[in-house]
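Q: Below you will find the structure I want to go over with you.
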Amino acid sequence: MRELTAVAATLVGATLLTTYAEPETALLLRHLYLVPVIVAALRFGLIGGGMTAATAVLLDAPRVFATIERDGLTQPAAEHLITFVLLIGAGALVGRLAAAAHSQRQRFETLLAVQRALTEEAPLEVALQRVRACLAARLGVGAIGLIVRQDDRVAVAGGGPLVAGSLAAEVLETGRPQFVPDVGGGARPRRAFVAPLLAAGEPIGALAVEREGELTAAERGAIATLAAHCGLALENARLASRQRRFTEELAERIASATATKSAFVAVASHELRTPLTALLGFSELLAKRTFETAEVQRMSDVMNRETERLVRIVDDFLDLSRIERGFELRLSRSRVDVAAAVASAVEVLRRAGSHELVVECEDALPAVDADADALDRILKNLVSNAMKYSPPGTAVRVAARARDGAGVEFSVHDAGRGIPPEALPHVFEPYYRAPGVGSARGAGLGLAVVKSLIDAHGGVIDLESEPGRGTRVTFVIPASLP
């Protein structure tokens, strides 16, 4: 209201000054009319600027036309007429530019509101309702609806389910806006316009509006532009949400891997310290004291077992390091006698005397195409695992039998507590130790290395276990060609 009063006062003031001033001065003062015209155009747009210019012309025209009637079309009168044209042109041009700037500002404010609505992570349906509320408050249309397609589902806000063959479905399919001059159902024409929501040039949804009365081409163009920006905002929000989830998952994985590696370092240090402590202790005893032959033999056997254990641990570390760096395990293949390989591996572990080791090999087993050292490590790892996780005094059965056309099947069966079903999918993962293993020592490397060695041979491994009924590990190594 204050702006209107100021414009009117300026018009009246300019009229009084040009009316009562000297002719030469009045010729200069006529430009004062530009001030209220431009102010009104900036504040009220095209209509305000045009009406103010017309008012200025009407206020000054009687005096100018009276002068023309009395003196003819003199130069000052002609300049006054040019001023009238200038006032009308200025009002129209500045008003149009101001209206365009106002529309652009409203569009940016709407986009900013949409971006703010999408800042907080929420389900797609909730996000669409927020965006629809922002658009409905700013577009000034009768009805508004949003449709977004994400993966295999379609979310709708402000309407019923998407119907095949509908206007929105067509826009979603083709990516081209559609306009209907009258959808019917009312006394006045009801316009409908559907514009695609675009992301990377592809339609991901649609913005539908309805209005009674006119929906000009300029308004439709503005809505289509706004829909394209909304599509980008929705896509950016989706990508940002995915990035946040990825970052959170990555942080969790890093934290889990760090914790796992820390636990592994602690366990591995203990695993290495145990055989080293035994070797150091017995070697110091042998160096400083004299023992009977039987006692020396006993100490030598312990030192030999701990040395072999230490070698297996170091070999596991080296193999796992190669696996994690993506390198293949190096194998030196040859024809390996199965019965001799099984007997050799079992005999070393039999010296511990804690379990009954039962060997069951078929007669006339074919030789396998394998790395002898790798096969020895596989068997020792599996048998020592079976001994570690089963009660002392129980039997551990090691068997080998021929499989037609497939090679030789090895199996190691213990009578331990078994492995929980939920842990079975993870037993071949590095550093993994099944829950409930109690005080049994181990770095969680044995089965991971065993599987890698068997895979390198082109074989297969399988593990069956049931709580309270023990564990059976079976693997197959291809037979050697004759």
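Q: Among the residues in segment 369-385, are any open to solvent by 40 Å² or more (accessible area, probe 1.4 Å) and within 29 Å of residue 299 (Cα to Cα)? I'd like the intermediate steps shown before the answer.
A: Let us first name the residues in segment 369-385 that are open to solvent by 40 Å² or more (accessible area, probe 1.4 Å), namely 369, 372-373.
Going one step further and asking which of them are within 29 Å of residue 299 (Cα to Cα), we end up with 372-373.
Within segment 369-385, one or more residues are open to solvent by 40 Å² or more (accessible area, probe 1.4 Å) and within 29 Å of residue 299 (Cα to Cα).
Q: I'm trying to understand the selection: among the residues of segment 138-164, which are within 24 Å of residue 104 (Cα to Cα) and either open to solvent by 80 Å² or more (accessible area, probe 1.4 Å) or in contact with a strand residue (DSSP E or B) (Cβ under 6 Å, 6 or more places away or on another chain) (or both)? Don't jump to the end; show me each part of the working.
A: So in segment 138-164, the residues within 24 Å of residue 104 (Cα to Cα) come out as 138-146.
Result: 138, 141, 142, 143, 144, 145, 146.
Q: Can you spot a residue in segment 288-302 that is aromatic (Phe, Trp, Tyr) and closer than 25 Å to residue 451 by Cα? Steps first, answer last, please.
A: Narrowing segment 288-302 to residues aromatic (Phe, Trp, Tyr): 291.
Filter once more, keeping what is closer than 25 Å to residue 451 by Cα: none.
No, segment 288-302 has no match at all.
Q: Next up: Within segment 146-162, how many residues are touching a helix residue (DSSP H, G or I) at 6+ places or on another chain (Cβ under 7 Å) and assigned to a strand (DSSP E or B)?
A: Narrowing segment 146-162 to residues touching a helix residue (DSSP H, G or I) at 6+ places or on another chain (Cβ under 7 Å): 146-150, 155, 157-158, 162.
Within this subset, residues satisfying the condition of being assigned to a strand (DSSP E or B) are 146-150, 155, 157.
Qualifying residue count, segment 146-162: 7.
Q: If you go through segment 307-326, how many residues are over 18 Å from residue 277 (Cβ atoms), assigned to a helix (DSSP H, G or I) and open to solvent by 30 Å² or more (accessible area, probe 1.4 Å)? Even if it seems obvious, please write down each step before you answer.
A: At the first step, the residues of segment 307-326 found to be over 18 Å from residue 277 (Cβ atoms) are 315-326.
From what's left, assigned to a helix (DSSP H, G or I): 315-324.
Next, only the ones that are open to solvent by 30 Å² or more (accessible area, probe 1.4 Å) stay: 315, 317-318, 321-324.
Total meeting the criteria: 7.
Q: Would you call residue 47 modelled with pLDDT of 80 or more and either in contact with a His (Cβ under 9 Å, 6 or more places away or on another chain) or surrounded by 15 or more Cβ atoms within 10 Å (Cβ to Cβ) (or both)?
A: Values: modelled with pLDDT of 80 or more: yes; either in contact with a His (Cβ under 9 Å, 6 or more places away or on another chain) or surrounded by 15 or more Cβ atoms within 10 Å (Cβ to Cβ) (or both): no.
Judged against the criteria, residue 47 is not a match.
Q: Identify, please: which residue in segment 388-414 is surrounded by fewer than 20 Cβ atoms within 10 Å (Cβ to Cβ) and among the aliphatic types (A, V, I, L, M) and is, among those, nearest to the chain's Cα centre (by Cα)?
A: Among those residues, the one meeting the criterion is 406.
Q: Just to be sure, is residue 53 in contact with a helix residue (DSSP H, G or I) (Cβ under 9 Å, 6 or more places away or on another chain) and either open to solvent by 50 Å² or more (accessible area, probe 1.4 Å) or closer than 17 Å to residue 9 by Cα (or both)?
A: On the way: in contact with a helix residue (DSSP H, G or I) (Cβ under 9 Å, 6 or more places away or on another chain): yes; either open to solvent by 50 Å² or more (accessible area, probe 1.4 Å) or closer than 17 Å to residue 9 by Cα (or both): yes.
Yes: the conditions hold for residue 53.
Q: Keeping to segment 163-190, report how many residues are part of a loop (DSSP other than H, G, I, E, B) and within 20 Å of residue 224 (Cα to Cα). Working first, answer last.
A: Just the residues of segment 163-190 that are part of a loop (DSSP other than H, G, I, E, B), to begin with: 163-166, 175-177, 181-189.
With within 20 Å of residue 224 (Cα to Cα) added as a condition, the list becomes 166, 175-177, 181-183.
Number of matching residues: 7.
Q: Do the conditions hold for residue 357, that is, is it buried (at least 18 other Cβ atoms within 10 Å of the Cβ), in the same structural domain as residue 415 (by TED's automatic domain parsing), touching a helix residue (DSSP H, G or I) at 6+ places or on another chain (Cβ under 6 Å) and not in a strand (DSSP E or B)?
A: It is false that residue 357 is buried (at least 18 other Cβ atoms within 10 Å of the Cβ), in the same structural domain as residue 415 (by TED's automatic domain parsing), touching a helix residue (DSSP H, G or I) at 6+ places or on another chain (Cβ under 6 Å) and not in a strand (DSSP E or B).
Q: Check off (1) at pLDDT 85 or above; (2) over 21 Å from residue 445 (Cβ atoms) for residue 307 and give me the number that stays unchecked.
A: (2)
Q: Any residue at all in segment 106-115 that is out of contact with any Phe, Trp or Tyr (no Cβ under 6 Å at 6 or more places or on another chain), closer than 30 Å to residue 43 by Cα and among the charged types (D, E, K, R)?
A: In the first step, residues of segment 106-115 are kept if they are out of contact with any Phe, Trp or Tyr (no Cβ under 6 Å at 6 or more places or on another chain); the result is 106-115.
Within this subset, residues satisfying the condition of being closer than 30 Å to residue 43 by Cα are 106-115.
Next cut, among the charged types (D, E, K, R) only: 107, 109.
Yes: segment 106-115 contains one or more residues that are out of contact with any Phe, Trp or Tyr (no Cβ under 6 Å at 6 or more places or on another chain), closer than 30 Å to residue 43 by Cα and among the charged types (D, E, K, R).
Q: So, of the residues in segment 8-28 that are modelled with pLDDT of 70 or more and open to solvent by less than 40 Å² (accessible area, probe 1.4 Å), which turns out to be farthest from residue 98 (Cα to Cα)?
A: The qualifying residue farthest from residue 98 (Cα to Cα) is 18.
One line per residue, one yes/no per condition, for (1) in contact with a Ser or Thr (Cβ under 7 Å, 6 or more places away or on another chain); (2) open to solvent by 40 Å² or more (accessible area, probe 1.4 Å):
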position	(1), (2)
222	yes, no
231	no, no
234	no, no
251	no, yes
262	no, yes
272	no, yes
277	no, yes
287	no, yes
294	no, yes
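Q: Next question, about the same structure. Could we say that residue 220 is in a strand (DSSP E or B), over 34 Å from the mean Cα position of the chain (by Cα) and not acidic (Asp, Glu) here? Break it down stepwise before answering.
A: Numbers: in a strand (DSSP E or B): no; over 34 Å from the mean Cα position of the chain (by Cα): yes; not acidic (Asp, Glu): yes.
So residue 220 does not fit the description; no.
Q: Here is a follow-up. Name the single residue that is surrounded by the most Cβ atoms within 10 Å (Cβ to Cβ) among those in segment 336-345 being farther than 17 Å from residue 474 by Cβ and of a type outside the set (Asp, Glu).
A: The first filter runs over segment 336-345 and keeps only residues farther than 17 Å from residue 474 by Cβ, leaving 336-337, 339-340, 343-344.
Next cut, of a type outside the set (Asp, Glu) only: 336, 339-340, 343-344.
Values: 336: 20, 339: 15, 340: 13, 343: 15, 344: 15.
Here the residue is 336.
Q: Can you work out which of the residues in segment 106-118 that are free of Cβ contacts under 8 Å to residues at least 60 places away in the same chain and surrounded by fewer than 18 Cβ atoms within 10 Å (Cβ to Cβ) is farthest from residue 237 (Cα to Cα)? Even if it seems obvious, please write down each step before you answer.
A: At the first step, the residues of segment 106-118 found to be free of Cβ contacts under 8 Å to residues at least 60 places away in the same chain are 106, 108-109, 112-113, 116-117.
Now drop any that are not surrounded by fewer than 18 Cβ atoms within 10 Å (Cβ to Cβ), which leaves 106, 108-109, 112-113, 116.
Working: 106: 22, 108: 17, 109: 18, 112: 13, 113: 13, 116: 10 Å.
Among residues in segment 106-118 that are free of Cβ contacts under 8 Å to residues at least 60 places away in the same chain and surrounded by fewer than 18 Cβ atoms within 10 Å (Cβ to Cβ), the one farthest from residue 237 (Cα to Cα) is 106.
Q: Say we look at segment 143-195 and pick out the residues that are at pLDDT 80 or above and acidic (Asp, Glu); which of these is farthest from residue 206 (Cα to Cα)?
A: The residue in question is 182.
Q: Quick one: would you say residue 286 is modelled with pLDDT of 75 or more and not assigned by TED's automatic domain parsing to the domain that holds residue 431?
A: Working: modelled with pLDDT of 75 or more: yes; not assigned by TED's automatic domain parsing to the domain that holds residue 431: yes.
Here the answer is yes, as residue 286 does meet what is asked.
Q: Among the residues of segment 191-198, is there at least one that is assigned by TED's automatic domain parsing to the domain that holds residue 152, more than 23 Å from residue 105 (Cα to Cα), open to solvent by less than 30 Å² (accessible area, probe 1.4 Å) and not in a helix (DSSP H, G or I)?
A: First, the residues of segment 191-198 that are assigned by TED's automatic domain parsing to the domain that holds residue 152: 191-198.
Now restrict to residues that are more than 23 Å from residue 105 (Cα to Cα): 191-192.
Next, only the ones that are open to solvent by less than 30 Å² (accessible area, probe 1.4 Å) stay: 192.
Add one more test, that the residue is not in a helix (DSSP H, G or I), and what stays is 192.
Scanning segment 191-198 turns up at least one residue that is assigned by TED's automatic domain parsing to the domain that holds residue 152, more than 23 Å from residue 105 (Cα to Cα), open to solvent by less than 30 Å² (accessible area, probe 1.4 Å) and not in a helix (DSSP H, G or I).
This table checks each residue for (1) surrounded by 19 or more Cβ atoms within 10 Å (Cβ to Cβ); (2) acidic (Asp, Glu); (3) touching a helix residue (DSSP H, G or I) at 6+ places or on another chain (Cβ under 6 Å); (4) not assigned by TED's automatic domain parsing to the domain that holds residue 32.
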position	(1), (2), (3), (4)
67	no, no, yes, no
80	yes, no, yes, no
97	no, no, no, no
104	no, no, no, no
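Q: In addition: Only one of these is buried (at least 16 other Cβ atoms within 10 Å of the Cβ), closer than 26 Å to residue 453 by Cβ and modelled with pLDDT of 85 or more: 365, 329. Name it.
A: The conditions single out 365.
The values are calculated or read from the model by the stated rules, or taken from the named source; none is laboratory data. The shown structure was predicted, so the numbers you read here are calculated from the model rather than taken from an experiment. Glycine gets a Cβ as well: all are built from the backbone with ideal geometry, and neighbour counts include every protein chain shown. Heavy atoms of the whole protein, side chains included, go into the accessibility calculation; ligands, DNA and RNA do not. Shrake-Rupley method; radii C 1.70, N 1.55, O 1.52, S 1.80 Å.
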